[in-house]
Amino acid sequence: MRFLLATLSLSYLTRHKVKSLLTLLGVVVGVATFSAIRSAQDTLTSGIRGTVDRMAGKAQLQISAEGGVPEELQEQLRELPGIRAQSPVIEQVVSGLEGVANAADIGSVLVLGVDLLGDREMRDYGFEGSEEDLDDPLLFLAQADSVALARPLAERAGVKVGESLVLRAPEGPKRVVVRGLLSPKGFAEAFGGNLVVMDVYAAQSLFGRGRRFDRIELRLEEGTTLDAATAVLEKALGPGFQVETPAMRGAQMEQLVTNFVAGFSISSGCALCIGTFLIFNSFTVSVNRRRRDIGTLRSLGATPGQIQTLFLAEAALVGLVGGALGVLAGGALADGFLLIMGGTANTVYGVADSSRHASLTLGVVLTSLAVGLLASLAGGFAPARAAARVPPTEAFAKGTYLASVPGSPKRRIAAGLALLAVAVAVALVLPVPAMSLVLLVLALAIAGAVLFAGPLSRLVLERCAGVLSRVAPVSGPLALDSLLGNPRRTAGTVTALTLSLAFVLGLGAYMDSTKKVMVRWMDDILTSDLYVRASANFVRPEFRYPASVREELLAIPGVRAVESYRGARIPYGGKSVLFMSIEIDAMMARTRHEFLQGTREEMLRGLSSEGKCAVSDNFHRLFDV
């Protein structure tokens, strides 16, 4: 087999360098996209997990609630058994710093508000320097503008102890004074070292939390289990609070990232499918061109299994070489994907991480190589199987093999139509479209189209004979005779074109329909002229406007109306749902809705005076409400 690969296969590849390069490039692009996305996703989720773990310190449980945890809850917790220590926390991502060197390169900064008097039970603070401010936390707390910086951030910003910097807070720029540096270990390594620590009560005022905390962290007494403590807390606090471990919070953030990355994964899957198609097309042409070589090997005693193994070995070689080159290219692309994913995840989902470089792990490398190998073998399997079935006599008889009709046309057409019917049924029966459902329907439809493309094209060509003869009396019949006289070559070409068009039309239709839905939603619902917000992201609107802001906005010349909106993510039926409230009369006057049940008048009356709510069609389908 090594001899055949080194002579027969290598000589063919060298004679057709451009085609071989295109085939290899298909694998490289697919594997590069896959490895870059996987590396960026793994780095992002690992960074999020590390940030959550480092920020949690020794905390074993966390209490949170939509809109924040009220201060008075601390007194209630002190009366519960099994709790050794508690620490309130405010966590805010700000868009950057002002008045420092390299401000544009620093990026987002995580501000952590903690109670320095009691927080040492949760986190180990490694303060640096000889300043007396931090030896006594009371001196630090006596000055409301005090902050401590992680040393990596201070070095990047060029700030020393005693100097000031400006935080971009929701209520405007806020000048603070650096009164300590944290050693880059433990929780000070969180968020890539872009960490600012301040007093929790100063953070309440700075970030508009009122008299609420983002969460309260708990450390349990020795011998108290997590399950027992969770049960006691849930019973005492009621359903409005969430009691979870730091690991559960990290897992929720990772799930958000996984859902967000699904779109990128489809891109890598499409790239791999295109690579598989290129290999299939290339090897189909290769089998047709090398039928005399196949006949020679069969005449010399080669078995069909050996012929098939030879072509599969060629495909495996292309997959391994393309996979290796794709991994190298993916390593170069991974940082770009990480920058896009991290920025969008932070802005849209409120998932904070500050990883700057994606790490190409051994697991990603091996997985990428395996993906490239499997894609190549999948693309080369059908042509290799066809090569093994070429009889020696037909291989030497010029045109005999190409003139034979591959398989039973009726069975192929029936199988193709059956797969198309299954694809349509799956799309119509399952109620809530998911990314995996889209891929399944697309795969079934493409497989069905490929099966009957060849036989159906032959039937179409036969029916077009008369028309071609009238349109082009000479070239038409010659072209038709060439196509019908070489059904295998024609079927391979038509199948390749069908596969390409199926990908373009399938993905194009999905993207176009998604775009139309989004545009229609924006045209119908997002009809206000301006939107005002002060939070760093859309999902975690930590900052709450005071009620007076509405009247202040109405007093601005040119402002006709102001609608106050609040959105909250709450658990329902085992899922996280968006619960939104808005001034319903004004909103209904400027938006357009289609009612699947109920009427506009019933909605206005029910939401404004009867204490009812309206749900979306997706909510209805998910929960059967």
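So here's what we get for this one:
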quantity	calculated
Top-ranked residue of segment 165-224 - restricted to ones that are open to solvent by less than 20 Å² (accessible area, probe 1.4 Å) and aromatic (Phe, Trp, Tyr), ranked as nearest to the chain's Cα centre (by Cα)	Phe191
Check on Val625, among the aliphatic types (A, V, I, L, M), modelled with pLDDT of 90 or more and either within 25 Å of Gln242 (Cα to Cα) or surrounded by 12 or more Cβ atoms within 10 Å (Cβ to Cβ) (or both)	no
Scope segment 12-49; condition closer than 23 Å to Thr367 by Cα and among the basic types (Lys, Arg); matching residues	Arg38, Arg49
Number of the condition not met by Thr527 [criteria: (1) in a loop (DSSP other than H, G, I, E, B); (2) without any contact (Cβ under 8 Å) to a residue 12 or more places away in the chain; (3) of a type outside the set (D, E, K, R)]	(2)
Leading residue by the ranking (modelled with the lowest pLDDT) among those in segment 482-519 that are loosely packed, with under 13 Cβ neighbours inside 10 Å and under 22 Å from Arg291 (Cα atoms)	Gly485
Residue tally, condition touching a helix residue (DSSP H, G or I) at 6+ places or on another chain (Cβ under 7 Å) and either in a helix (DSSP H, G or I) or at pLDDT 70 or above (or both), over segment 390-417	15
Subset of segment 578-625 (residues that are more than 17 Å from Ser564 (Cα to Cα) and of a type in the set (Lys, Arg))	Arg592, Arg600, Arg605, Lys612, Arg621
In segment 366-382, the residues that are surrounded by fewer than 19 Cβ atoms within 10 Å (Cβ to Cβ) and at pLDDT 85 or above	Leu366, Thr367, Ala370, Leu374, Leu377
Single condition Gly301 does not satisfy, out of (1) at pLDDT below 80; (2) not in a loop (DSSP other than H, G, I, E, B)	(2)
Odd one out for Arg569, checked against (1) among the charged types (D, E, K, R); (2) surrounded by fewer than 12 Cβ atoms within 10 Å (Cβ to Cβ); (3) touching a Leu at 6+ places or on another chain (Cβ under 9 Å)	(2)
Residue, least open to solvent (accessible area, probe 1.4 Å), within segment 572-592, restricted to residues that are within 19 Å of Leu530 (Cβ to Cβ) and without any contact (Cβ under 8 Å) to a residue 40 or more places away in the chain	Met587
Count of residues meeting criterion [outside any strand (DSSP E or B) and touching a residue at least 60 places away in the same chain (Cβ under 8 Å)] in segment 86-118	9
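The values are calculated or read from the model by the stated rules, or taken from the named source; none is laboratory data. What you see is a predicted model, and the numbers here were worked out from it, not measured in a lab. Please note: Cβ atoms are built from the backbone with ideal geometry, for glycine as well, and neighbour counts cover all protein chains shown. Only protein heavy atoms, including side chains, enter the accessible area calculation; ligands, DNA and RNA are left aside. Shrake-Rupley method; radii C 1.70, N 1.55, O 1.52, S 1.80 Å.
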